[in-house]
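Working notes, structure below.
Read-outs throughout are calculated quantities, based only on the coordinates presented, and are distinct from any laboratory measurement. What you see is a predicted model, and the numbers here were worked out from it, not measured in a lab. Glycine gets a Cβ as well: all are built from the backbone with ideal geometry, and neighbour counts include every protein chain shown.
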């Protein structure tokens with residue numbers, strides 16, 4: 001079995017993306033890894049080169065900043081990396097620049113890829129998600145956070161990244177997937193407040209015009225993490241590859257998880273989900289078979 005990893009990244013240094021940790025967290029599962037490095041204003045390419053793995057292949061890309069509808073440029077860049085994978089790979093493991101896989105899930109994912117390798121009806125593997133917010137001590141537990149995403153797909157180039165690169169589709173339909181008991185850790189909402197604010201101002205330009213960004217994204221020195229509806233304490237362990245980044249955290253964030261700032265309807269839905277595990281009205285860009 002051959003596995004290829006792939007991702008895209010731009011301005012990782014400027015916006016403090018843990019992309020090195022992202023790549024190295026799944027590198028042990030991959031025989032090759034393609035990184036589409038977009039035209040950056042910083043040393044992103046040197047950062048990727050610094051990983052120093054012979055598995056890594058960098059392709060240089062130019063982002064089309066005019067593709068603002070639904071963050072379409074992110075899907076375009078994802079497809080560029082996917083299309084550069086070796087044709088003889090069985091599976092393609094996708095990871096975004098702010099996601100990290102815990103090493104305890106390496107074997108379950110390897111087992112799943114081996115199990116479903118010869119079953120073509122299985123077009124992808126579905127992973128669970130934890131979304132960290134404010135610091136490495138809290139995770140989002142409200143309905144605003146997606147619970148699962150497809151991150152391993154067949155090396156089938158008729159599969160395309162969908163909308164803003166959150167999932168994939170084949171011939172316009174959701175993929176048929178198997179769920180795996182493995183969890184991706186999403187750290188996109190954990191970074192110094194100054195870097196988070198800069199990211200918000202820039203990232204929203206991938207969805208909206210400059211006038212919208214000017215009107216809706218406040219101009220402040222640092223992002224205000226306190227305006228969040230609901231969080232829970234994280235009780236587990238973080239991936240080894242991100243521990244040094246955690247140790248370098250130089251800002252404070254504290255939140256009382258007992259304070260749920262949810263409207264009545266959201267509180268009801270939140271309670272139903274906690275009791276039953278059923279998320280009413282959940283959007284799913286996949287079909288579990």
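Can you give the Rg to Rh ratio of the range 36-88, both from alpha-carbon atoms, with Rh computed by the Kirkwood formula? Each step should come with its number before you reach the end.
Working: Rg = 12.6 Å, Rh = 12.4 Å.
My calculation puts Rg/Rh at 1.01.
Can you give the alpha-carbon Rg of the range 98-137 over 2.2 N^0.38 Å, where N counts its residues?
Normalised by 2.2 N^0.38 Å, the Cα Rg of the range 98-137 equals 1.53.
Our summary of shape: the Cα atoms of the range 183-236 have principal axis extents of 42, 22, 20 Å, ordered from largest down, in whole angstrom. Relative contact order of the chain, taken over Cα pairs closer than 8 Å and 6 or more residues apart, is 21 percent.
Give me the mean projected area, in nm² to one decimal, of the convex hull enclosing the Cα positions of the chain. That works out to 15.4 nm².
Across the range 99-222, Cα-Cα distances exceeding 25 Å account for 40% of all pairs.
Residues considered: 120, 174, 239. Largest GNM mean-square fluctuation over the chain, using C-alpha springs under 10 Å, is found at 120.
The simple spin-label model puts a point 7 Å past each Cα toward its Cβ; for residue 183 and residue 171 those points are separated by 3.7 nm.
With n ≥ 4 as the cut-off for DSSP H runs, can you work out [θ] at 222 nm for the chain, using -39500 (n - 2.57) per run divided by the number of residues, rounded to the nearest 500?
Details: 8 runs with 73 residues, N = 289.
Mean residue ellipticity at 222 nm (helix-derived): -7000 deg cm²/dmol.
Rounded to 0.05, the FRET efficiency of the residue 194 and residue 65 pair, given R0 = 25 Å and the Cβ-Cβ distance, is 0.60. Sorting 190-196, 113-119, 37-43 by average packing, meaning the other beta carbons within 10 Å per residue, from highest down gives 190-196, 37-43, 113-119. Summarised in one figure, the compactness ratio Rg/Rh of the range 1-159, Cα atoms and Kirkwood Rh, is 0.95.
Distance from the Cα centroid of the range 52-125 to that of the range 169-234 is 20 Å (rounded to whole angstrom).
Normalising the Debye intensity of the range 80-156 to I(0), with uniform scatterers on Cα atoms only, and taking log10 at q = 0.14 Å⁻¹ returns -0.57.
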